[in-house]
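Scroll down for the structure; my scribbles are underneath it.
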Amino acid sequence: SMRFGTQKLNKYEYGCAIAACLSYLLLRQQDSVGLMTFDKTVRSVVPMRSQRMHLQAILAALDAGNPQEKSDMESILAKVAEEQPRRGMIILISDLFAPREGLFKGLKLLRLRGHDVMVLHVMDDEELDFNYTGTTKFEGLEAMGDLVCDPRSLREGYLGAVQRFLDDVRRKCAQQVIDFQTIRTSENLDAALGHYLNHRLGMR
């Protein structure tokens, strides 16, 4: 589903741009930065480094990424917690289309290990607004099958379901003191990263 997009960049490309920008900013501060890309399994791991030239390795891993399967958030986040014994900042960039119970268990484990966790929830505008008209075929990108329908008849129920999903994730993140932000792929990167810059880099 991260390959879905109606804007200039799809969700994966937009998420890569966010990761690249944050890596650049953190490396300029001489902070150590690492990267893990994953879907159902880990696809690539770039170890923690603080040298500015390390950005090239991060960009190469992002460029080679090709998410294909639904994410197993619980096991992936548990792996991160296990392999990062030192307390630090963990930034999850995803559309969060994964079983929520496993997602919350994984995030809770990261917090229990003392990590500062931030979730950047990347969504396409049409996923949030559902402005489709006319008979439309929707392809299930997470193995949910296809659906042909008049989207106008579904819009109210769909938007209600999306809002409940967002409210649930936001509430569960707040309970674990996890910073959560939904970002539209139509947003300029400076606006999308403003929250991070103001609340994170500014604290330094």
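Which number in (1) touching an Asp or Glu at 6+ places or on another chain (Cβ under 9 Å); (2) over 24 Å from residue 129 (Cβ atoms); (3) at pLDDT 90 or above; (4) not aromatic (Phe, Trp, Tyr) marks the one condition that residue 16 misses?
(2)
In the set 110, 103, which member is closer than 19 Å to residue 183 by Cα and either among the hydrophobic types (A, V, I, L, M, F, W, C) or touching a Pro at 6+ places or on another chain (Cβ under 8 Å) (or both)? Working first, answer last.
Numbers: 110 fails: closer than 19 Å to residue 183 by Cα.
Checking each option against the conditions leaves just 103.
Taking the range 179-194 as the region of interest, how many residues are among the hydrophobic types (A, V, I, L, M, F, W, C), crowded, with 17+ Cβ neighbours inside 10 Å and not in a strand (DSSP E or B)?
So in the range 179-194, the residues among the hydrophobic types (A, V, I, L, M, F, W, C) come out as 180, 183, 189, 191-193.
So of that shortlist, the ones also crowded, with 17+ Cβ neighbours inside 10 Å come out as 180, 183, 192-193.
Add one more test, that the residue is not in a strand (DSSP E or B), and what stays is 192-193.
Summing the residues that are among the hydrophobic types (A, V, I, L, M, F, W, C), crowded, with 17+ Cβ neighbours inside 10 Å and not in a strand (DSSP E or B) in the range 179-194 gives 2.
Would you check which residues across the range 165-179 are under 13 Å from the mean Cα position of the chain (by Cα) and closer than 19 Å to residue 125 by Cβ and list them?
Quick first cut of the range 165-179, residues under 13 Å from the mean Cα position of the chain (by Cα) only: 169, 179.
Hit for the range 165-179 is 169, nothing else.
For the range 75-94, check the following and say yes or no: at least one residue is touching a helix residue (DSSP H, G or I) at 6+ places or on another chain (Cβ under 8 Å), of a type outside the set (A, V, I, L, M) and closer than 16 Å to residue 178 by Cα.
At the first step, the residues of the range 75-94 found to be touching a helix residue (DSSP H, G or I) at 6+ places or on another chain (Cβ under 8 Å) are 75-78, 80-81, 90-94.
Add one more test, that the residue is of a type outside the set (A, V, I, L, M), and what stays is 75, 94.
Those left that are additionally closer than 16 Å to residue 178 by Cα: 94.
Within the range 75-94, one or more residues are touching a helix residue (DSSP H, G or I) at 6+ places or on another chain (Cβ under 8 Å), of a type outside the set (A, V, I, L, M) and closer than 16 Å to residue 178 by Cα.
Can you tell me which residue is farthest from the chain's Cα centre (by Cα) among those in the range 131-164 that are at pLDDT 90 or above and open to solvent by less than 30 Å² (accessible area, probe 1.4 Å)?
Ranking the candidates gives 160 first.
The values are calculated or read from the model by the stated rules, or taken from the named source; none is laboratory data. The model shown is predicted, which means the values in this text are computed figures rather than measured ones. Here the Cβ is made from the backbone with ideal geometry for all residues, glycine too, and neighbour counts use every protein chain on show. For the accessible areas, the whole protein counts, side chains as well, though only heavy atoms, and no ligand, DNA or RNA atoms are used. Shrake-Rupley method; radii C 1.70, N 1.55, O 1.52, S 1.80 Å.
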